[in-house]
Structure formats: structure tokens, C-alpha cells
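Engineer: Structure in C-alpha cells, see below.
The values are calculated or read from the model by the stated rules, or taken from the named source; none is laboratory data. Since this is a predicted model, take the numbers as computed values, not measurements. Note that each Cβ is placed from the backbone with ideal geometry, even for glycine, and that neighbours are counted across all protein chains shown.
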Amino acid sequence: MTRKLLLHLTGERLCCWLWEHGRLGSGPCFDPSPDGWASFASWLDGRQDTPALMLADLVEEDFQRHLLPHVAGRAGLSMRERRLAQSWRDTPLRCAHIQGREDGGRRDDIVLFSALTNPATLAPWLDALEGQRIPLAALYTPALLSASLLPVEARQQAHLLLVTEHASGIRQTYFQHGKVRFSRLAQEAASAELEAERTRQFLVGSHMLEREMPLQALALLPLARIAAPPATSTAPLLDWRVMPLGEAASLQRLAASDNADELFLGLAARTAPPSHYPLGPRQRYYSLWRARQSLYASSAVMAACCLLWTGANIVGYSLARSHTQQLQQQTHGFTTAYQNSMSSMPPAVDKTANMKAAVQIAQMVARQGPWPQAVMAILSEALERSPQIRLTQLDWRANAPGVVPVTASSAFPGAATTPALVAPLSSMLIGIPKAPPQQVRLQAEVLVEQDDYRSVLLSMNRFAQELARTPGMVVEIEQLPFDIRPNVKLSGKAGSPSGLGERSKFTLNLRWSP
């Protein structure tokens with residue numbers, strides 16, 4: 001949030017400030033009256049897009065510090081809410097801040113409870129903000145903001161009193177080891193030294209400080225007030241130290257100023273801590289404003305991504321176009337060179353496309369033609385594994401499925417053979433578009449001992465099985481070595497040298513689809 005609306009509320013008036021680009025600019029002030037509230041609502045008109053931060057510097061602020069059992073999560077939150085409701089029933093502006101845990105015992109939580117006990121002081125101003133739909137982001141108090149102003153060495157002090165002079169009076173905030181214990185605002189005070197001494201006496205009476213123990217007091221004062229140190233007779237037990245407001249502002253990276261109110265307002269605008277007091281439904285316009293800003297940011301990111309994507313596409317298109325032009329130039333050069341080379345050559349026998357097709361057909365025929373080498377190799381491997389089988393006769397042919405050659409002798413008996421009477425051959429017989437099936441009819445004999453009919457059958461079956469293992473191979477037994485039908489009469493004499501004779505021969509039909 002680079003632009004913020006700061007509202008400084010005191011018991012006497014409300015002053016408006018504008019934070020923009022790290023600078024704090026003053027605005028009008030309004031009295032707590034019906035006319036002042038109406039003027040404030042009119043002044044807010046047109047500022048619905050600027051988030052607001054309110055700093056309430058009021059006397060009606062109460063602090064309590066308690067030890068509670070260490071309970072985490074929602075149960076601990078409910079326990080602290082019940083304790084707040086028991087302490088301050090009449091105000092919704094109450095909060096609990098966990099300041100650490102005890103060192104010994106049960107290690108209970110140290111919780112600081114605080115509340116603005118008179119919400120009626122803030123209600124008209126909050127109603128005006130809500131009526132104008134101003135996004136109210138947070139509600140702060142100087143007491144809880146002042147911890148950020150302490151120097152590093154001051155946060156180590158066991159007892160420290162921070163004194164600041166405001167337009168509404170002198171505020172004194174008591175710290176224990178850098179943690180806020182309570183704060184009080186003294187209106188119409190005689191001097192900061194006297195009020196600090198009264199606070200020390202209150203701490204002694206409350207048993208927070210030993211009676212004779214000196215109290216460290218750090219005063220943030222303008223240069224005009226630091227000219228002369230306070231008299232020791234006024235507060236002899238105060239260890240009074242002074243820090244210029246300009247030095248405190250420089251530590252917070254703020255512009256130098258002699259006004260403590262501007263220091264606290266700048267601190268709230270620059271750091272923007274979480275709200276000290278819950279605003280509840282009065283913060284809904286701020287939630288809507290944040291959602292709207294998130295949508296704007298998401299839209300900006302999407303627009304940037306789209307621009308980057310479009311730029312990348314444009315660059316890619318430019319590169320592709322330049323590459324296309326280069327390829328076109330190369331193509332034109334190759335075409336010109338080809339035409340020049342072809343112009344010096346004699347006329348071609350046929351067109352280039354036809355010659356290319358012829359080459360492709362020749363390659364296909366060479367690759368898929370019905371050559372017997374493959375099936376002969378399969379048959380040779382089977383014979384190598386079956387040494388008792390001897391091949392006696394072989395017939396190989398390639399067949400086109402569904403095509404039966406027709407000759408003149410088969411069509412008209414006695415007629416002369418003429419080309420008109422011969423059926424055309426299928427292109428599959430030469431391997432176009434795929435290799436044709438091949439058929440092999442083989443006759444072989446089994447070389448076994450005499451009268452060993454069982455070995456003859458087993459050798460033939462093993463040989464047929466070896467051939468059938470080839471993918472695409474179908475083996476059919478056309479003729480057995482001997483007739484084993486039950487209705488055929490056996491002949492011959494067992495044990496004779498020619499007991500098997502011609503009966504050891506068998507015939508197989510092989511059909512192979514490559």
C-alpha cells in the first residue's frame with residue numbers, strides 16, 4: 001500500500017493525515033460533534049480506494065497482565081477470549097497478546113490483555129468510515145506501537161519507562177525486559193519528570209518495583225526540551241535519559257520531526273503491523289478492497305504473461321519467416337541447378353516418375369519375390385536336425401490365392417494354344433503387393449533298421465514337427481511310409497532284408513505364407 005489514509009484520534013479531535021511515497025502529509029481536523037462527524041463524512045467522499053489506518057490515543061485504555069496455562073490452537077484462543085469477556089464486557093475493542101512463557105514451574109504463557117474501555121468515543125468516527133465504504137485496515141494504539149521505538153540496549157532493561165509528549169498529553173509506557181506491561185496517558189500534566197515520578201510511585205505501590213530501586217526512564221523529546229536536564233531533586237530515583245525525536249525517527253527510517261504524533265503515525269504507516277484491536281464487521285470493506293487489489297494484480301500478471309507469450313510468438317514468427325525465405329532461396333538454387341544439369345543430358349527414355357516407380361517395383365520384387373531360397377533354407381535346417389531322413393524328390397511352386405491358371409488345353413481339348421486363351425497371371429506371383437504363399441511337395445525316405453516300423457513313424461513325425469515350428473508353415477502328410485489302415489491286409493515277411501522297401505518312403509505337402 002503506497003497510499004494510505006491515517007486517522008489520529010484523541011479525546012478532543014480527529015486529525016487526518018495522508019501517507020504517500022514514504023511522506024506524511026497533514027490534513028484537516030474534526031471535532032467530536034455532529035457537525036464534525038458530518039464534515040468528516042463529507043471529506044471522506046471520493047476516497048473509497050485508499051485504505052485507512054486509525055491511531056487511537058485515548059485515556060480510556062486498560063491493561064492487565066496474567067499467567068495462563070500454555071494451551072495451543074483453537075482451545076487456547078477460546079480460553080483467552082473468555083478471559084477478555086470476563087474482564088471487559090462492555091467493549092468489543094479488546095485483545096490478548098502472548099509475550100512469552102515463564103522460565104520455571106509449569107511454563108505458563110505470559111499474556112497481556114488490553115482494551116479500549118469507552119467504545120462510544122470511536123463509534124461515530126467508525127460509523128462515518130463505514131458509511132462512506134472506506135477500507136479500514138487496522139486500529140492501533142501508541143502504547144503497543146511504542147515497543148518498536150526502543151533502542152536495542154533499552155530492550156534488555158528489567159524495568160524501563162518510556163515517556164513521550166503528545167498533543168493529548170504525556171504518555172508513559174512501562175516495559176519489563178522489552179515487553180509492554182501497562183501504559184497511561186496524563187492529560188494537562190505539569191511536566192514529564194513529575195509524571196514519571198508519579199508512575200514510579202505507582203509501580204512501588206503495586207509491588208512491581210522495589211521501593212529504593214531506581215527506575216530507568218527514556219524520554220523521546222524534541223530538541224527544544226533537551227536543552228536543560230531535569231533537576232535531580234524532582235525525581236532522585238529516576239535514571240533519566242533523553243533521546244531526540246529525530247534520532248528515534250532515523251532509527252525507524254522516517255523523516256525527522258519534533259512531533260511525537262507524527263513519529264507514531266509514520267511508524268504505523270511504514271510497518272503496517274496487524275491490527276491491535278479487532279474491528280469485526282467494520283473491516284469488511286477492507287477485505288473487499290484487498291480482494292479487488294488481488295484481482296487487479298492477477299489480471300496484471302496475466303496480461304504480462306500474455307504480452308510475453310505474444311512477443312515470443314512474434315519473434316518465433318519472424319525467425320520462421322526468415323528461415324522460410326532461406327529455404328525458398330535454397331530450393332530455387334537446387335531447382336535451377338537440376339534444370340541446368342538436365343538440360344545438358346540426352347532425352348530420357350521415360351518420365352522420371354515412371355522410372356522411379358519402376359525402380360520401386362523392382363526393389364519390391366527383389367525383396368518379396370517368390371524365390372525358393374528361403375523355404376529351401378528352412379527345409380535344410382529341418383534335415384540337419386533329422387539325419388535319418390533322406391530327401392528323394394522335391395516340387396516347389398508359388399501360388400496366388402484365388403487364382404487358377406487356365407490353359408488352352410484345359411479350356412478346349414485339342415485346341416491350339418494361343419495368347420488369347422491364356423488367363424493373365426496375378427501380380428502376387430512376383431511379390432506385389434506382398435509375398436505370395438509358397439507350396440512344396442517333397443518325397444523322402446526314412447533310414448532305420450529293418451522291421452523297425454515304430455522308428456519309421458517317429459522319425460517322420462519329428463521331421464514334420466520340425467518343419468511346422470516355422471511361423472506361417474502348414475504341414476500335411478499326403479502319404480505315410482506304409483499303410484496302417486485297419487481294413488488293409490498286411491503282406492510281406494518279418495525280418496526279411498526288404499521288409500520295409502518302398503514302404504519307408506513318405507510324402508509331405510508344405511504351405512508357407514512368408
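Engineer: Please indicate, with yes or no, whether at least one residue in the range 442-465 is under 17 Å from S380 (Cβ atoms), in contact (Cβ under 8 Å) with a residue 12 or more places away in the chain, part of a helix (DSSP H, G or I) and not small (G, A, S).
Structural biologist: Scanning the range 442-465, I find at least one residue that is under 17 Å from S380 (Cβ atoms), in contact (Cβ under 8 Å) with a residue 12 or more places away in the chain, part of a helix (DSSP H, G or I) and not small (G, A, S), so the answer is yes.
Engineer: Let me ask something else about it. Looking at the structure I just gave you, is T141 within 18 Å of F63 (Cα to Cα) and modelled with pLDDT under 90?
Structural biologist: No: the conditions fail for T141.
Engineer: Continuing with this model, one more query. So is E193 at pLDDT below 90, assigned to a loop (DSSP other than H, G, I, E, B) and either in contact with a helix residue (DSSP H, G or I) (Cβ under 8 Å, 6 or more places away or on another chain) or acidic (D, E) (or both) or not?
Structural biologist: So E193 fails the test.
Engineer: Taking the residues in the range 100-117 that are assigned to a loop (DSSP other than H, G, I, E, B) and either touching a His at 6+ places or on another chain (Cβ under 8 Å) or among the hydroxyl-bearing types (S, T, Y) (or both) as candidates, determine which candidate is surrounded by the fewest Cβ atoms within 10 Å (Cβ to Cβ).
Structural biologist: R106
Engineer: For R198, work out the one condition from (1) over 16 Å from T10 (Cα atoms); (2) of a type outside the set (F, W, Y); (3) at pLDDT 90 or above; (4) touching a strand residue (DSSP E or B) at 6+ places or on another chain (Cβ under 9 Å) it doesn't fulfil.
Structural biologist: With (1) over 16 Å from T10 (Cα atoms); (2) of a type outside the set (F, W, Y); (3) at pLDDT 90 or above; (4) touching a strand residue (DSSP E or B) at 6+ places or on another chain (Cβ under 9 Å) applied to R198, the lone miss is (3).
Engineer: Of the conditions (1) within 60 Å of the chain's Cα centre (by Cα); (2) modelled with pLDDT of 70 or more, L510 fails just one. Which one is it?
Structural biologist: (1)
Engineer: Contact list please: Cβ distance under 9 Å, first residue in the range 15-39 and within 21 Å of R3 (Cβ to Cβ) and free of Cβ contacts under 8 Å to residues at least 12 places away in the same chain, second residue surrounded by 16 or more Cβ atoms within 10 Å (Cβ to Cβ) and of a type outside the set (K, R), pairs at least six apart or on different chains.
Structural biologist: Close Cβ pairs (under 9 Å, with a partner that is surrounded by 16 or more Cβ atoms within 10 Å (Cβ to Cβ) and of a type outside the set (K, R)) amount to G25/W17; G25/L18; G25/W19; S26/C15; S26/C16; S26/W17; S26/L18; S26/E262.
Engineer: Looking only at the range 323-346, decide whether some residue is closer than 30 Å to L136 by Cα and surrounded by 10 or more Cβ atoms within 10 Å (Cβ to Cβ).
Structural biologist: No: zero hits.
Engineer: State which residue pairs qualify: first residue of a type in the set (V, I, T) and inside the range 174-196, second residue not in a strand (DSSP E or B) in any location, beta carbons under 8 Å apart, and separation of 6 or more residues or different chains.
Structural biologist: Short answer, once both residue conditions are applied: V180/A143; V180/L144; V180/S146; V180/A147.
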